[in-house]
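The values are calculated or read from the model by the stated rules, or taken from the named source; none is laboratory data. Nothing here was measured: the structure is a model prediction, and the numbers come from that model. Because the Cβ atoms are built from the backbone with ideal geometry, glycine has one as well, and the counts that use them run over all protein chains shown.
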Amino acid sequence: MRIDPQKCVACGNCTYVCPMGAIYVDPVIKRATVDRDECVECYACYNGLSQEHLNPTIVRTMRKVFQFLRIRFEPEPDVCPTAAFSPEDLVWPRVVRRAFSDPRVPHESTGVEGRGTEEVKTNDVSGRVVVGEVGFTIEFGRPGVGVRFHEIQKMTMRMAQAGVTFEKKNPVTTLLKDVATGEIREDILDEKIMSAIVEIKVPVARTEEVIRMVWEVEKQVDTVVCLGVGTRCDENGEDHVVAPILEKLGYHLDRAKTNIGLGRITNKPVETSKQPEPVAAGS
Amino acid sequence: MTNTLHRFGSAESFRDDFIVFAIASRGKNEEEALPKLRRFLEMAIPFGPVNLGDARHGGALRPCKELNPSAHWNRDMTPDFQEVVKGLDHITTVAAVFDSRVKAEEFVKKVKEADMGLSINISTSVDGAEQCCHAAGINRHSVGYSLGFEGKTERLPNSQVLTLMTMCGHGMVASSLAKKMIDWVKEGRRTPEEAVTYMSRFCSCGVFNPARAIRVLEDSRHHTK
């Protein structure tokens, strides 16, 4: 993302709306500036700010007069008065920043917006997590901290070492150089993103083991982690298996996403269609 | 759209936060899904949602790329639900946000009757979703539990800022904007109703809950946690 210094009037509105805090008013040039290393290309500034198209010279003059008179103008805080933002053409590897940060852009690998995975949201039609299995979504960087891929790699390598199954229809899995080792391709390791989800699946019996592994790796990363645990309910809509394990480990199950099972397969059958298999580490 | 899962707060704090969303699965039921998704949104309107949105265009309040400067004094802050329905032009996740369990329950009953074949999820407290399912005579299919935030939690802001910013789980509501809005409400520079509209416009899939946000801002006026 770029801010046109010819247009910017240094009103400062954009400095508050950047989720990564990557925009600041440079005291030397007196214009808002993007710290390119911290910017994750989420487009929150470009997409979220409303835009006026005022004349920058007039706005700057008015601001100087108001400032001299110690008058505080109370403009709307979600407006760029001169439409100074312009997206840049992103090339590899920087383009992965946007893929993992701008939720409006569907992930190329899965066709899904947001973090790019359907998880148990479509479990009623996908059968991604069946009875006796547990699906984990281990998300890094959210909320508002961000993460670089070399931090995520610590988790993927630990999980691969334990021989878990990585979900194939997941954007992070597609960036693994080798699912057997959990290594992520080298050219993106230093790229910073808003967040990413490592998605794995294990038998219920391994639930506690996986959580303890997550706890172990969390201590080594410089970001926040959100853990989601997905399970298939029994025929009565109950979960008497996974919830007790989580509670035993000290978790309060305050919030959940509940798939209510109204989905069904409605696409016309395709003769050559083949269900993608999950990728097992070590296999 | 894991974005609704990891909202910050206790189960009790989700008493006015019920998100019902519809999603089609690639290769399973996305063919002909667009009119069904549009119908889902249309069906929600009579039940009084506090927000409605899709994952491509955002919620019922959206930024304007050609804002008239008079907006600084006279800005339309009315959510336009019909515009959300009309604007849906891609197969994507669509969501309706309710501030009461009763409204969500009634809507879920209606969605069940409609039998569209899309995957429907309820994101709220575990108990709240169970009650909605019970009221609609539905057995839960699958559950995705949020275990909250771990790791370097010292890098997170205070609980009120966290509550506001996690109402857009994709992280489009910046912590500094949420903090600024809390400060502005405390200073009397904006009402909570005005402050939530600014934050709401940044949420890119329309799951920001303005009713819950107003409650948080009213609370923060008296004490910052």
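Where helices (runs of 4 or more DSSP H) sit wholly within region B:133-204, those with at least 1 residues that are free of Cβ contacts under 8 Å to residues at least 40 places away in the same chain and among the hydroxyl-bearing types (S, T, Y) occupy B:175-187, B:192-200.
Can you go through B:R190, B:R155 and tell me which one is within 7 Å of chain A (Cβ to nearest Cβ) and surrounded by fewer than 24 Cβ atoms within 10 Å (Cβ to Cβ)?
Working: B:R190 fails: within 7 Å of chain A (Cβ to nearest Cβ).
That would be B:R155, the only listed residue that is within 7 Å of chain A (Cβ to nearest Cβ) and surrounded by fewer than 24 Cβ atoms within 10 Å (Cβ to Cβ).
Mind telling me which of the residues A:E108, A:E118 ends up being within 24 Å of B:F149 (Cα to Cα) and either modelled with pLDDT of 95 or more or among the charged types (D, E, K, R) (or both)? Answer to the check: A:E118. Just so you know, in region B:201-218 the residues that are more than 19 Å from B:T124 (Cβ to Cβ) and at pLDDT 95 or above include one that is surrounded by the most Cβ atoms within 10 Å (Cβ to Cβ), and it is B:F202.
So for region A:118-131 (the condition being within 11 Å of chain B (Cβ to nearest Cβ) and free of Cβ contacts under 8 Å to residues at least 40 places away in the same chain), does at least one residue qualify?
The answer is yes, given that some residue of region A:118-131 is within 11 Å of chain B (Cβ to nearest Cβ) and free of Cβ contacts under 8 Å to residues at least 40 places away in the same chain.
Number of residues in region B:51-84 that are at pLDDT 95 or above, of a type in the set (A, V, I, L, M) and more than 16 Å from A:Q51 (Cα to Cα): the value is 3. As a summary of the residue check, A:I138 satisfies the conditions (1) modelled with pLDDT of 95 or more; (2) over 16 Å from B:K152 (Cβ atoms) except for the one numbered (2). Of everything in region A:195-224 that is more than 25 Å from A:S126 (Cβ to Cβ) and of a type in the set (A, V, I, L, M), the residue that is surrounded by the most Cβ atoms within 10 Å (Cβ to Cβ) is A:V224.
Tell me the residue from A:P81, A:P56, A:P77 that is away from chain B (no Cβ under 13 Å) and at pLDDT 95 or above, please. Can you show your working first?
Working: A:P81 fails: away from chain B (no Cβ under 13 Å); A:P77 fails: away from chain B (no Cβ under 13 Å).
The unique qualifying residue is A:P56.
Here A:E139, A:E133, A:E151 are screened, and the one residue that is within 13 Å of A:A196 (Cα to Cα) and surrounded by fewer than 24 Cβ atoms within 10 Å (Cβ to Cβ) is A:E151.
Results for (1) among the β-branched types (V, I, T); (2) facing chain A (nearest Cβ under 8 Å), shown as yes or no for each residue.
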| residue | (1), (2) |
| --- | --- |
| B:A104 | no, no |
| B:F107 | no, no |
| B:K112 | no, yes |
| B:I120 | yes, yes |
| B:V126 | yes, yes |
| B:A129 | no, yes |
| B:C133 | no, yes |
| B:I138 | yes, yes |
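For A:G144, the conditions (1) assigned to a loop (DSSP other than H, G, I, E, B); (2) out of contact with any Pro (no Cβ under 6 Å at 6 or more places or on another chain); (3) more than 29 Å from B:E31 (Cα to Cα) all hold with the exception of (2).
Which one of these is touching a Lys or Arg at 6+ places or on another chain (Cβ under 9 Å), of a type in the set (A, V, I, L, M) and either closer than 26 Å to A:P143 by Cα or assigned to a helix (DSSP H, G or I) (or both): A:V25, A:V65, A:V9, A:V59?
On the way: A:V65 fails: touching a Lys or Arg at 6+ places or on another chain (Cβ under 9 Å); A:V9 fails: either closer than 26 Å to A:P143 by Cα or assigned to a helix (DSSP H, G or I) (or both); A:V59 fails: touching a Lys or Arg at 6+ places or on another chain (Cβ under 9 Å).
The match here is A:V25.
With respect to the conditions (1) loosely packed, with under 12 Cβ neighbours inside 10 Å; (2) more than 8 Å from chain B (Cβ to nearest Cβ), A:L189 lacks only one, and its number is (1).
Residues in region A:196-253 that are of a type in the set (D, E), touching a residue at least 40 places away in the same chain (Cβ under 8 Å) and closer than 14 Å to B:G151 by Cα: A:E216, A:D222.
When the residues of region A:7-22 are filtered to those that are over 20 Å from the mean Cα position of the chain (by Cα) and more than 15 Å from B:D183 (Cβ to Cβ), the one that is nearest to the other protein chains (Cβ to nearest Cβ) is A:C14.
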